[in-house]
Every structure is written in C-alpha cells, then in structure tokens.
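Scroll down for the structure; my scribbles are underneath it.
The values are calculated or read from the model by the stated rules, or taken from the named source; none is laboratory data. Since this is a predicted model, take the numbers as computed values, not measurements. Reconstructed Cβ throughout: ideal geometry from the backbone, glycine too, with neighbour counts over all protein chains shown.
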Ligand SMILES: [Zn+2]
C-alpha cells in the first residue's frame, strides 16, 4: 500500500484507524508513531531485547523487500512538498535570489470592463518573510518558459540514446557477473557467521565462556550478519550502485529534450525541474538553477574535459568513450521518472 507510493502518511493513518489499528487510547495513530513503526526492524523479523538482537521467530508483519520499498518511499515523500493549493504547480521549487526566502504563488483576478470579462493570473514572488526585499513577482507563463529552458539546458541529444544504451548494456553485463560473484561471497560469509554463532552458543552452553562474553560476542556477530544481509539486499536492488542511477540519469537527461519540446502540464515541469535541480533561485524575474550532480556537469557544458570526450565520442573508439562514460563521479540523488 505505502510502498506503491500513492498514499500519504495521513491516508495511511486513516486507513489503519478504520481497520482497527489505534494507539493505546484508541485514537488514530500519530504520524510520527507510524513512521517509527514502519522504520522498526521488528517488522522484518529482528528483535532487540535486553540489549541483544534476536532473529525473531514471529510471523513477519511485512517482508524485507516490502520494508525496503517503504523506506524508499519515505525518502521520496519527505522530499516532496504539497503543492496543489490553487494549482500553484511551482510552489516549493524556488527561493528568492536576493533574500533566500521561499517563493510563493498567488492568484490575481483582473476584471476587464470593456469586454465584461474576468481573468485569473498566477504570479510567483518572494514571501519576504526573512527581511525587506525588493524583488517583484513574475507571471506564471514567463516562469514556465524559464523552467522549460532550465530543463532543456541540461538535455542530452536523443540521437545519442542508441549508442549510450549500447555502452551501458556492456557495462551492465559485466556488472551482472560481478554482482553474482559478490552475492555468492556474501552468502558464504553469512554461513561462516552462522557457524561462529553456533560455536559460540556451544561454548556458552558448555560453560567455556561466561554469559557476559557470550552476549557481547553474539551481538557483534549478529550485527555483522545484519550488515551482510543488508549488503545483499542492496546488491539485489542496484548492483554495486552506480549503473542503475547512471542509467536513470541518462534517461532523464535524454527525456529533458523531449520535455523541453513537448507541451507539458506545469506539474510535469515542476517534477522534472526537481529531478534536474535541487534549488532554483529567482532574481529580477530570472531563474538561476542549482543543478544536481550529473546535470551540473551537463550544464557546465561541453567544455569540460569528460563531456567533451562524450560529445566527440563518435570519433573515438567505443572502448575509450565507454571508459570515459563510466568514470563520471556519479552518485545517484535523482528520482526515477516514469
Ligand atoms: Zn526576497
């Protein structure tokens, strides 16, 4: 339910309330409490009791995979801000370049006497909450053009898509082999830890070691086992970590061109802007984006050495270009776009 990503914390709380999940006073669960519950390792079968971790034998409330999906949704949701007040799509996107206060939107109604027509206009401007600020609001259509430009400025030409995907595929094959090896190693390491845990228990039962040492050592081994299990989950989800995000990045960067050319709703533009940038500053009705990693490299243009190699890729051998591609210091912080 939550892992699907289309339910808010409040929706979930209400849903649970309707289905008989309440706090001990019979009230709807507090959101923070719910967050704790959903982040609690107990629900994936791990119990921390009396200073020790136990692998619970209770029936799992949710699976580890679902648990992980929920955690991912959390991160997305905490980042997202509600922005549907009067359909002000660009709320939460920008800050004032002069005073760094947030930018808000406002609906203004104009009445035209001649034609007896009423028209509504949306303006975005500084909230001026932090200090006196001289910035003037910008009309929505003008802002829309600038956001579109900010997106198209970091677009990768779509003609590159075939080549890039071919190179990525090669890397993914290698990655897959590596992943299988890694998973096998981790599996063996976990087996070894289980053996140690068994041996430790035997030693304790045979009175070779005392309770304190047993407890301390057991916790250490168990923590290590947890870490290995988490590594396995991580590997299963994204391999060693960079290819998935990198593919998403490339797909996003190529979609930028399409987005910039197509007719989009402002919600789509806002969503895409948040994919490519972390902050957008508005100064004198001009938008200045702070691009996310990867997109920032694209914006700094084809003058940067690594991207120059990419841009000239077709004249180099594929091998060289592919290596250059793989060496971009990419760490994913972009959201997948579907
Ligand atoms: Zn301001």
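Among the residues of region 209-227, some residue qualifies, meaning at least one is assigned to a helix (DSSP H, G or I), under 30 Å from residue 249 (Cβ atoms) and free of Cβ contacts under 8 Å to residues at least 60 places away in the same chain. Give the number of residues within region 88-107 that are part of a strand (DSSP E or B) and within 11 Å of the ligand (Cβ to nearest atom). Residues meeting the conditions: 6.
Table: residues versus (1) within 16 Å of the ligand (Cβ to nearest atom); (2) surrounded by 16 or more Cβ atoms within 10 Å (Cβ to Cβ); (3) assigned to a helix (DSSP H, G or I); (4) not assigned by TED's automatic domain parsing to the domain that holds residue 254.
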{"position": "109", "(1), (2), (3), (4)": "no, no, no, yes"}
{"position": "114", "(1), (2), (3), (4)": "no, no, no, yes"}
{"position": "118", "(1), (2), (3), (4)": "no, no, no, yes"}
{"position": "122", "(1), (2), (3), (4)": "no, yes, no, yes"}
{"position": "125", "(1), (2), (3), (4)": "yes, yes, no, yes"}
{"position": "129", "(1), (2), (3), (4)": "yes, no, no, yes"}
{"position": "133", "(1), (2), (3), (4)": "yes, yes, no, yes"}
{"position": "143", "(1), (2), (3), (4)": "yes, yes, yes, yes"}
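Looking at this structure, is residue 193 surrounded by 15 or more Cβ atoms within 10 Å (Cβ to Cβ), within 16 Å of the ligand (Cβ to nearest atom), assigned to a helix (DSSP H, G or I) and at pLDDT 85 or above? In short, no. Taking region 259-291 as the range and being surrounded by 13 or more Cβ atoms within 10 Å (Cβ to Cβ) and assigned to a loop (DSSP other than H, G, I, E, B) as the test, the residues that pass are 264, 285. A single entry from 183, 173, 156 fulfils the requirement of being part of a loop (DSSP other than H, G, I, E, B) and either away from the ligand (no atom under 15 Å from the Cβ) or assigned by TED's automatic domain parsing to the domain that holds residue 261 (or both): 156.
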